[in-house]
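Let me begin by presenting the structure, written as structure tokens, before commenting on it.
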């Protein structure tokens, strides 16, 4: 039987990078605060929209800043390229089609929820339900990446 690494997966607990794709400064600060409060030392990279996130993942015109393994925290309502458009592009990219993505958004629109799950998100979380509870989502993510096998290549 092949090892985790031979199958293209990392052992649970291997360091993971987080890419937060969100243009809202208040939410960005809340997530950073939650990482600090939860004492999550994993790298947290930030992209302000889908275009910037794809550039970071692909290394277009800049050195790739997001190496695998990573988990993406994605807002849907952003300028230039919204979250659904980002997901459509991500799923077409052979290097990133298996990315683990959690949607963190204010949208409770049933179409957005359905479309996000059709594009294989790991979870859809409405920010208004979190309010000041970003620590809870960071706690969940911290446990998640320590337990699951994530693609490493």
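Can you tell me which condition residue 113 does not meet? The list is (1) under 22 Å from residue 17 (Cβ atoms); (2) in contact with a strand residue (DSSP E or B) (Cβ under 7 Å, 6 or more places away or on another chain), and all the others hold.
(1)
Mind counting the residues in region 85-95 that are crowded, with 20+ Cβ neighbours inside 10 Å and without any contact (Cβ under 8 Å) to a residue 40 or more places away in the chain?
So the count comes out to 2.
Would you point out the residue of region 97-127, among those that are in a loop (DSSP other than H, G, I, E, B) and buried (at least 20 other Cβ atoms within 10 Å of the Cβ), that is modelled with the highest pLDDT?
121
For region 90-101, name all the residues that are touching a helix residue (DSSP H, G or I) at 6+ places or on another chain (Cβ under 7 Å) and closer than 16 Å to residue 144 by Cα.
Within region 90-101, 99, 101 qualify.
Could you list all residues from region 33-55 that are within 21 Å of residue 145 (Cα to Cα) and outside any loop (DSSP other than H, G, I, E, B)?
Matches in region 33-55: 33, 34, 35, 36, 37, 38, 44, 45, 46, 47, 53.
Could you pull out the residue among 73, 54 that is touching a strand residue (DSSP E or B) at 6+ places or on another chain (Cβ under 7 Å) and either surrounded by 16 or more Cβ atoms within 10 Å (Cβ to Cβ) or closer than 23 Å to residue 96 by Cβ (or both)? Walk me through how you get there before you give the answer.
Numbers: 54 fails: touching a strand residue (DSSP E or B) at 6+ places or on another chain (Cβ under 7 Å).
The unique qualifying residue is 73.
The values are calculated or read from the model by the stated rules, or taken from the named source; none is laboratory data. This one's a predicted model, so the numbers in the text were calculated from it and none came from an experiment. Note that we place each Cβ from the backbone using ideal geometry, even for glycine, and neighbour counts take in every protein chain shown.
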